[in-house]
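Note sheet for the following structure.
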Amino acid sequence: MPLFNFGSGKPTSTPEATFWNWFLKNEDRLFNLEIDMESTFAMLSEAMNKVHPYLTFEFGPKRGNKREFIISADGMREALPKVQSLCAAAPQLPRWEVIAFRRRREAGDITFNGITIRAEDVRVLVEPCGPKVGVTVFIPGFGQELEDHYTNIAFIYLDHTLGEFDVITMIGSVNVFGTTSVPNGAVTLRELPETVHTFMSTTNRYN
C-alpha cells in the first residue's frame with residue numbers, strides 16, 4: 001500500500017500547499033480532535049474539499065506523541081491523483097504519519113443498518129474483467145429489497161480486505177448475491193487479496 005511521508009515539498013500556491021498551511025495552523029486542534037470532534041471534522045472536511053470534493057479522511061488513535069492521518073479518495077478513482085499529490089506535498093510533521101488511502105486490515109464481522117454479517121460466511125468469486133478483475137460477493141441473507149444495504153456491506157468488506165488503493169485500481173466490477181448457490185472457485189475474504197493479485201498478474205501478462 002502506498003505510504004507518503006515526505007518533507008521536501010517547497011511552498012507554492014497550489015491547493016495542496018494551501019491545505020497544509022491550514023493544517024499547520026490548526027495542528028494542535030487536529031491532534032487533540034476528541035475535545036471538539038464534530039466541529040474539527042467539519043473544518044477539516046471544508047479544507048480538504050478545496051483540494052478535491054471527494055477527498056475524505058480518517059485518524060488513528062494517539063500513540064505516544066504521534067497519530068496517523070489517513071487521506072482517502074472515498075473509493076472514487078477521480079480523486080486518486082489528488083490523494084497522492086496531497087500526501088506528497090506534506091511538510092515535516094513530527095507528530096503525524098500521513099498515509100495515502102485506507103489501508104488493508106483484517107475483515108471482521110459487520111453490522112450495517114441493522115444487518116449483521118460474519119466475515120467467515122462471505123465468499124467472493126474473482127473473474128477477469130478487461131484489464132482488471134470482476135468480483136461477485138456472496139453474502140448470507142441478501143435480498144433485492146435490501147440490495148443497497150448489502151452492496152454497501154460488500155464494498156466495506158472489499159475496502160477492508162484489499163485496501164482502498166487496490167479496490168480503485170484493480171476492481172472493474174462488483175456484483176452481490178446471496179449464498180444459496182455459491183459457485184466452485186469462490187474464495188474466503190482471507191484468500192481474496194492473493195487471488196486478486198494472481199488474476200491481475202495473469203491478466204497483465206497477456207495484455
Looking at the stretch 106-131, which of its residues are on the phi > 0 side of the Ramachandran plot and in contact with a Gly (Cβ under 7 Å, 6 or more places away or on another chain)? 130
Evaluate the following for residue 61: is it surrounded by fewer than 15 Cβ atoms within 10 Å (Cβ to Cβ) and at pLDDT below 95? yes
Please indicate, with yes or no, whether at least one residue in the stretch 166-175 is surrounded by 16 or more Cβ atoms within 10 Å (Cβ to Cβ) and of a type in the set (D, E, K, R). yes
If the Cβ limit is 7 Å and pairs must be 6+ apart or interchain, which residue in the stretch 132-147 that is assigned by TED's automatic domain parsing to the domain that holds residue 173 and at positive phi pairs with which residue that is assigned to a strand (DSSP E or B) and polar (S, T, N, Q)? none
Collect the residues in the stretch 72-87 that are touching a residue at least 24 places away in the same chain (Cβ under 8 Å) and either of a type in the set (Lys, Arg) or not in a loop (DSSP other than H, G, I, E, B) (or both), keeping them in residue-number order. 72, 77, 78, 79, 80, 82, 83, 84, 85, 86, 87
Which numbered condition residue 90 misses (of (1) under 17 Å from residue 166 (Cβ atoms); (2) of a type outside the set (Val, Ile, Thr); (3) assigned to a loop (DSSP other than H, G, I, E, B)): (1)
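A quick yes/no check of all residues on (1) out of contact with any helix residue (DSSP H, G or I) (no Cβ under 6 Å at 6 or more places or on another chain); (2) of a type outside the set (Lys, Arg); (3) modelled with pLDDT under 95:
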position	(1), (2), (3)
17	yes, yes, no
65	yes, yes, yes
71	no, yes, no
76	yes, yes, yes
88	yes, yes, no
98	no, yes, no
107	no, yes, yes
Quick one: which residue in 140, 94 is in contact with a Ser or Thr (Cβ under 6 Å, 6 or more places away or on another chain), farther than 18 Å from residue 56 by Cβ and either surrounded by fewer than 21 Cβ atoms within 10 Å (Cβ to Cβ) or among the polar types (S, T, N, Q) (or both)? 140
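The values are calculated or read from the model by the stated rules, or taken from the named source; none is laboratory data. Values in this document were obtained by computation on a predicted structure and should not be read as measured data. Neighbour counts run over all protein chains shown; Cβ positions are idealised from the backbone, glycine included.
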